[in-house]
Structure formats: C-alpha cells, structure tokens
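The block underneath contains the structure these notes are about, expressed in structure tokens.
The values are calculated or read from the model by the stated rules, or taken from the named source; none is laboratory data. Just so it is clear, the model here is predicted, and its values are computed rather than measured. Counting neighbours? That spans all protein chains shown, and the Cβs are built from the backbone with ideal geometry, glycine included.
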C-alpha cells in the first residue's frame with residue numbers, strides 16, 4: 001500500500017506585487033492564512049505530511065507563525081529555495097536577483113520527496129474538492145512502471161482565476177477531449193480581466209482550462225523528479241544567463257509530456273479558486289472566506 005501523500009507548498013515567493021509576505025497575512029476569522037485552508041483541506045483528504053518550500057531569510061518567522069500550528073495534525077518538514085541552489089556544474093550568473101521559478105522550487109525540495117506528492121502555491125485557495133481529487137488520484141496511482149511518471153493537474157476555468165486589480169500570468173492547457181489527459185501547457189503573461197469575455201476585442205473566452213499550480217505526482221516520485229532535473233538543466237543551458245528568466249513548473253511538465261515521459265490526468269474541479277496576487281485583492285478574499293465559514297464549509301478556527 002502506498003504511504004499517505006505529501007503536500008508540497010510553494011511558499012518562497014517574494015510578494016513584490018503584494019507588498020509583503022502574503023504567506024503570513026491573516027485572512028480568516030481566527031487569523032488563518034490562505035495556506036492554512038489548503039493544509040486543512042489536504043489533511044482531511046488524507047495527506048499525511050506537508051513540506052514547505054521557503055527562504056532562509058524568513059525561516060524562523062515562518063516556522064513560528066505557520067508551521068508550529070500544525071503540530072499534532074500532520075508531519076511538517078521544510079526545504080529551502082536559494083538562487084545558488086543549482087545542479088552540479090552550474091553557477092548563478094552575476095547580478096541575478098529574481099527567483100528561478102516554481103519548477104526550481106520543486107527541484108529544491110527533491111530530497112524531501114520519496115513518495116506520492118501534490119504541489120500547491122501558498123497564496124492560492126483551491127477548495128476541498130481539489131484536494132479530495134488529488135488524494136484519490138495519488139492513492140490509486142500505480143508504482144509499477146518506474147520509467148514513466150504518472151501525474152494529475154486540477155484545472156480551473158480562466159475566468160474564475162483573474163484579479164480585478166492587475167495583470168496575472170496563467171498556464172493555458174490543451175487536453176484530449178476523450179481521455180482527459182493533458183497535452184500541453186502554454187504560459188500566458190499579462191492577462192487582464194478586461195481581456196476575457198465575449199467582447200469582440202477579448203483575447204480569451206474565459207472557459208480556457210488553466211493551471212494554477214495544483215498538481216499531483218504519483219509514486220515513484222523519482223520518475224518525475226529525474227525528468228524535472230533534466231528540464232532544469234535544459235533551461236539553464238538555454239536561458240540561464242537571462243537575469244529575468246523563470247523555470248516554470250507547468251512548462252517543465254509540458255516538456256515531459258511532449259517527450260512521452262509522463263502522462264497527466266486533468267481533474268476538473270467544482271472548487272472555487274481565489275488568491276491574493278495584489279494587496280487590493282485582500283478584502284475580497286476575506287469576504288469569500290467569511291462566506292464559506294458562514295455556510296459551514298469550514299470551522300471558525302482551523303487549528
């Protein structure tokens with residue numbers, strides 16, 4: 001029997017657009033952060049462990065304010081994303097200040113991952129159904145074929161993932177209509193809410209299936225992590241000197257699909273996504289969480 005899956009939380013972001021460490025911003029009725037709801041939903045779906053990817057400069061603060069509250073609910077571990085954490089033979093280019101991106105963050109946590117795991121962003125609210133679907137997929141993913149990774153992605157409609165307060169980046173997905181398997185993900189940047197809809201000038205319909213970095217990777221985890229390492233090296237060879245380049249997790253997965261090294265099952269969800277990309281998003285997120293608590297979907301105090 002496979003072990004309970006691990007939840008990997010990407011929490012090393014700088015929060016430059018938000019204006020601070022949004023991972024620690026209290027938004028729930030008892031001071032809960034957005035990621036508290038993700039951990040709560042994961043725990044009740046059957047996840048047994050959480051690994052936070054953070055930066056060492058806010059290690060103590062994060063452990064005290066976030067990690068400590070989960071004691072007795074599930075195991076907690078940490079991994080660290082750093083600019084100079086690169087595969088052997090590679091060096092950080094002089095002048096690099098921007099983090100390497102979500103794919104690099106997962107790569108930095110590879111030593112903590114020895115079984116099935118899911119990946120989420122710390123500042124996104126995914127809803128209970130997303131974690132229930134991921135847990136079911138990961139518990140049923142067969143470890144028999146170690147040469148090919150099995151993965152899943154929870155997909156959201158683009159129109160339900162936008163901010164009224166500024167542009168966002170989204171991975172737009174192409175999936176096989178019959179099998180439901182993901183075929184590719186293309187990163188789109190600078191998407192404004194005004195560009196989505198039925199107007200003749202709209203760039204997007206809003207029904208596009210979108211990756212919000214809500215992933216599941218089945219056992220053995222090495223099948224995916226080995227491919228991720230290869231893709232990171234390809235990225236560094238081609239774009240590593242660009243001081244603004246980012247190694248996106250969706251792009252890495254898309255490349256593995258193209259090489260037939262992984263299959264990704266698309267899991268459409270009934271859950272409502274919301275997040276705090278900009279500080280102006282905060283009031284709306286607080287209101288939506290309050291509504292979910294009032295409806296009985298969450299207790300007033302999670303942990």
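Only one of 199, 219 is modelled with pLDDT under 90 and over 22 Å from residue 168 (Cβ atoms); which? It would help to see each step written out before you state the result.
Working: 199 fails: over 22 Å from residue 168 (Cβ atoms).
Testing whether each residue is modelled with pLDDT under 90 and over 22 Å from residue 168 (Cβ atoms) leaves just 219.
Each residue in region 135-169 was checked for being modelled with pLDDT under 85, surrounded by 19 or more Cβ atoms within 10 Å (Cβ to Cβ) and in contact with a strand residue (DSSP E or B) (Cβ under 7 Å, 6 or more places away or on another chain), and 2 pass. Screening region 114-128 for residues that are crowded, with 21+ Cβ neighbours inside 10 Å and within 16 Å of residue 222 (Cα to Cα) and picking the one that is modelled with the lowest pLDDT gives 116.
For region 263-278, the count of residues that are surrounded by fewer than 17 Cβ atoms within 10 Å (Cβ to Cβ), outside any helix (DSSP H, G or I) and touching a strand residue (DSSP E or B) at 6+ places or on another chain (Cβ under 7 Å) is at least one. Considering (1) within 28 Å of residue 292 (Cβ to Cβ); (2) modelled with pLDDT of 95 or more; (3) more than 18 Å from the chain's Cα centre (by Cα); (4) in a loop (DSSP other than H, G, I, E, B), the lone condition that residue 47 does not fulfil carries the number (3).
Note on region 232-245: among residues that are closer than 13 Å to residue 107 by Cβ and touching a residue at least 24 places away in the same chain (Cβ under 8 Å), the one that is surrounded by the fewest Cβ atoms within 10 Å (Cβ to Cβ) is 233. Scanning region 55-89 for residues that are at pLDDT 95 or above, surrounded by 17 or more Cβ atoms within 10 Å (Cβ to Cβ) and in contact with a strand residue (DSSP E or B) (Cβ under 9 Å, 6 or more places away or on another chain) gives 76, 78, 79, 81. Of the strands (runs of 3 or more DSSP E) lying entirely inside region 150-230, those containing at least 1 residues that are touching a residue at least 40 places away in the same chain (Cβ under 8 Å) and within 28 Å of residue 283 (Cβ to Cβ) are 168-175, 209-217.
When the residues of region 60-73 are filtered to those that are outside any helix (DSSP H, G or I) and in contact (Cβ under 8 Å) with a residue 40 or more places away in the chain, which remaining residue is nearest to residue 240 (Cα to Cα)? Break it down into steps so the answer makes sense when it comes.
Residues of region 60-73 outside any helix (DSSP H, G or I): 66, 71-73.
Now narrow it down to the ones that are in contact (Cβ under 8 Å) with a residue 40 or more places away in the chain: 66, 73.
On the way: 66: 33, 73: 40 Å.
Restricting to residues being outside any helix (DSSP H, G or I) and in contact (Cβ under 8 Å) with a residue 40 or more places away in the chain, the top hit is 66.
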